[in-house]
Amino acid sequence: MFVVCLIAAVGLAGCSLNRPPVAVLSAPVISGPAPLDVAFDLSNCEDPDGDRLIYTLDFGDQSEPTTSEEFNIIVHHTYHIGDDFTALLHVTDAQGNEAEDQLTITVSDDGPPVGLAVGETAPDFSAHTTSDEEIALSDYSGAVVLIDFWGAWCRPCRVRMPHLQDLYDQFSPDGLVVILVGTDQEKQDAIDFLSENDYTDFVSVWEPGYKSQNPIAQLYDVHSFPHTFLLDRQGVIRYVGHPDYLASQMIEQLL
């Protein structure tokens, strides 16, 4: 019985060492007029088992794909014609395991269409800050912008606020702006929480409407809190979801 268990354990251990690679394709700029130079970053690809990796990067414009084993480089490619292109990264490890990631490149004077999905241009909005100043999202064009929908009424939002502060402290010197969209019924609730906990570096906005009728939350179709959007310097959405899953590497690649 002991021998059988030992063999089974060894077999399971061996299986655990044959994990698939991780493919991550990113670029700080993915939209703009032609000719558009895109700097593809492959440095976050990895193999959990430490195997040698090889990649093929197809730029999606019928040009010759590039293949290499060198991942710690920036692969530049210039798009000369206006259109939407899907760049596809295919990664293979020494065991033949595969992984893929892709990125939509929009070559246009206007950039991607306005929408709420990753790869689309975030809708502009105007709002009043909790100190009664009027701002617009477009005021921060050229910066990497993190928009977080939250509320002092929301315990998970309060718990995640230190994570947002850490991201701000790390990346604001390089151009990160954090906009908090408050969804409290009373503006003073947001003011009190932020002030008492020294979260004073963020752009804090508030509009009447509470959770369901807040005009910015409606514009962004947000129904669960906290909820985060990350925009690149061109205003294109690069991440949508819970702030817990917004890794610092995602922001670093855009700065």
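From the list A136, A190, A122, the lone residue that is in contact (Cβ under 8 Å) with a residue 12 or more places away in the chain, of a type in the set (A, V, I, L, M), crowded, with 16+ Cβ neighbours inside 10 Å and more than 30 Å from L57 (Cβ to Cβ) is A190. Does S63 qualify as being at pLDDT below 95 and hydroxyl-bearing (S, T, Y)? It is false that S63 is at pLDDT below 95 and hydroxyl-bearing (S, T, Y).
A count restricted to segment 91-108 and to residues that are surrounded by fewer than 18 Cβ atoms within 10 Å (Cβ to Cβ) and in contact with a Phe, Trp or Tyr (Cβ under 8 Å, 6 or more places away or on another chain) stands at 1. A single member of V178, V145, V205 is surrounded by 14 or more Cβ atoms within 10 Å (Cβ to Cβ) and touching a Phe, Trp or Tyr at 6+ places or on another chain (Cβ under 6 Å), and it is V178. Among the residues of segment 185-219, those identified as within 15 Å of S131 (Cα to Cα) and touching a Gly at 6+ places or on another chain (Cβ under 7 Å) are A190, S204, V205, W206. Of the set (1) touching a Phe, Trp or Tyr at 6+ places or on another chain (Cβ under 8 Å); (2) in a strand (DSSP E or B); (3) of a type in the set (A, V, I, L, M, F, W, C), all apply to F71 but (2).
Taking the criterion of being touching a residue at least 40 places away in the same chain (Cβ under 8 Å), surrounded by 13 or more Cβ atoms within 10 Å (Cβ to Cβ) and over 16 Å from S26 (Cα atoms), the residues of segment 48-78 that qualify are D49, D51, L53. Can you name every residue in segment 208-235 that is in a strand (DSSP E or B) and either open to solvent by 10 Å² or more (accessible area, probe 1.4 Å) or at pLDDT below 95 (or both)? Hit for segment 208-235 is H227, nothing else.
The values are calculated or read from the model by the stated rules, or taken from the named source; none is laboratory data. What you are looking at is a predicted structure, and each value in this text was computed from that prediction instead of being measured. Virtual Cβ from ideal backbone geometry, glycine too; neighbours counted across all protein chains shown. Heavy atoms of the whole protein, side chains included, go into the accessibility calculation; ligands, DNA and RNA do not. Shrake-Rupley method; radii C 1.70, N 1.55, O 1.52, S 1.80 Å.
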